[in-house]
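Structure incoming, see below.
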Amino acid sequence: MSYVTIHGKARLLAPALLAVALAACSGKDDSAPAAAAGAPAGPAAAAPAEPAVSAKVQSMGTDQLRDSASTALRENRMYAPAGDNAMEYYLALRDKLPDDAAVKSALTDLQPYTLIAAEQSLAREDFPEAQRLIALIEKVDPAAPALPRLKQGVTRGMEVAVKRTQEETDKVRKDAETRAKQLVEQQRLAQQQAAEATAAQQLAARQEAARQESARLEAERQAAAKREADARAAAQQVAAAPKPAAAAPSLRAVSTPAPRYPADALRSGTSGEVLVELTIGTDGSVTDARVLRANPPRVFDREALNAVKRWRFEPISSPTTTRRTLAFQPNQ
């Protein structure tokens with residue numbers, strides 16, 4: 001296939017967009033500062049890691065390059081993918097045939113498409129691809145008006161991307177710090193609430209204990225009052241009961257305190273009586289006492305004996321033994 005045929009195929013691919021791209025490139029670059037090309041290069045302006053034309057393409061012969069360029073044009077691979085596109089094939093042909101006008105014309109026709117692709121790569125922040133395409137443009141024409149603007153666009157774009165990445169990193173870090181602070185505050189509030197709940201429970205427990213103690217003391221007070229009333233009633237009953245025949249006619253009681261009502265019997269409402277035999281000394285004190293009969297057994301015995309041992313009588317001429325029945329009625 002001849003260069004004219006290849007060149008013709010390239011021209012068939014040039015729509016109205018080509019003219020617009022050429023006008024845009026030339027118009028924007030005229031107003032760019034002359035110092036832009038000489039501006040200090042940042043990380044984005046560094047030379048591409050790979051040459052504009054791959055080593056594989058450079059090693060191909062002229063006939064193979066022509067066929068590959070024709071196929072690439074036919075398949076619309078004008079500038080991509082890397083290592084298999086019409087731009088690289090024509091650049092390799094130009095290196096081998098520097099005076100071939102058809103090759104130069106084909107590169108001139110392909111350059112606007114490469115320029116548009118570079119602009120699109122910059123727009124989507126695909127900086128490696130943009131640098132590769134810029135390298136192709138620069139190899140076609142090192143003095144291309146769009147080169148300073150494109151290189152500056154890569155530099156600025158990468159700076160903006162780096163800044164945005166840093167800002168996003170800072171935001172993520174700040175968000176993490178904020179969440180950590182919120183978590184600490186939530187834990188502090190939870191601990192404070194737990195402490196307050198514990199204190200409230202302890203206060204409630206103390207109040208309940210105080211209430212129960214107050215109820216217990218009131219119950220004991222009422223029981224004591226009941227026992228005292230029962231003791232008075234029992235004393236009156238004992239005093240009114242007929243004296244046993246064995247008692248001395250002259251035996252006269254001075255003090256007969258009523259027995260204490262057992263708490264268990266009082267709570268259960270148990271009643272009963274105890275027959276006690278007691279010996280009174282000459283001074284009127286009870287020197288001995290024993291239970292003769294108790295109903296129910298062993299419920300009121302102790303309190304009955306404790307009571308009669310405190311009894312006092314008028315002095316008598318000789319010790320006397322007598323019997324007394326002590327009644328226990330919870331409702332008296």
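For Glu208 paired with Gln120, estimate the spin-label separation in nm (one decimal), with each label point 7 Å from Cα along the Cα-to-Cβ line.
Here the modelled spin labels are 7.9 nm apart.
Continuing with this model, one more query. My understanding is that a pair violates if its Cα-Cα distance is over 22 Å; which of Lys139/Lys163; Lys104/Lys151; Lys151/Lys171; Lys96/Lys139 do that in this structure?
Listed pairs above 22 Å: Lys139/Lys163; Lys104/Lys151; Lys151/Lys171.
Just the number please: accessible area per residue for the range 73-149, 1.4 Å probe, all protein chains included, in Å².
About 41 Å² of surface per residue is accessible.
I'd like the chymotrypsin sites (Phe, Trp or Tyr not before Pro) in the range 271-332 restricted to DSSP loop residues with at most 14 other Cβ atoms within 10 Å, sorted by number.
none
Counting other Cβ atoms within 10 Å of each Cβ, which trypsin sites (Lys or Arg not before Pro) in the range 120-169 have at most 11 and sit in a DSSP loop?
Passing sites in the range 120-169 are Arg124.
Using a Förster distance of 30 angstrom, determine the FRET efficiency expected from the C-beta separation of Ser59 and Thr108, and round it to 0.05.
Computed FRET efficiency for Ser59 and Thr108: 0.75.
I'd like the accessible area for Val254, computed on protein heavy atoms only with a 1.4 Å probe and all protein chains in place. Round to 10 Å², please.
100
Oh, and also: Just by accessible area at a 1.4 angstrom probe, what is the order of Tyr90, Tyr113 from largest to smallest?
These residues rank, largest area first, as Tyr113, Tyr90.
Treat every Asp and Glu Cβ in the range 117-177 as -1 and every Lys and Arg Cβ as +1, leave all other atoms uncharged, and give the resulting dipole magnitude about the Cα centre to the nearest 20 debye.
Its charge dipole is roughly 140 debye.
How much of the accessible area of the range 182-323, in percent, comes from carbon and sulfur atoms when a 1.4 Å probe is used?
51
With all protein chains present, how much of the accessible area of the range 62-102 (probe radius 1.4 Å) comes from carbon and sulfur, to the nearest whole percent?
Here it works out to 44 percent.
Here is a further query. Compute the separation of the alpha-carbon centres of the range 56-80 and the range 108-135 and state it in Å as a whole number.
Spelled out, the Cα-based centre of one part sits 19 Å from the other.
Further question: Give me the extension gain from Leu217 to Arg312: residue separation times 0.36 nm, minus the current Cα-Cα distance, reported in nm with one decimal.
Length difference between fully extended and current span is 31.0 nm.
Could you pull the accessible area for Ser105 with a 1.4 Å probe, rounded to 10 Å²?
Surface open to solvent at Ser105 totals about 30 Å².
First check a/c for the range 108-177, with a ≥ b ≥ c the square roots of the eigenvalues of its C-alpha gyration tensor; if it is under 1.5, answer rounded, and if not, answer prolate when a/b is larger than b/c or oblate otherwise.
Here the range 108-177 falls in the prolate category.
The values are calculated or read from the model by the stated rules, or taken from the named source; none is laboratory data. Bear in mind the structure is a predicted one, so any value in this text is a computation, not a measurement. Every residue, glycine among them, receives a Cβ derived from its backbone with ideal geometry; neighbour counts consider all protein chains shown. Just so you know, the surface numbers come from the protein's heavy atoms only, side chains and all, with ligands and any DNA or RNA stripped out. Shrake-Rupley method; radii C 1.70, N 1.55, O 1.52, S 1.80 Å.
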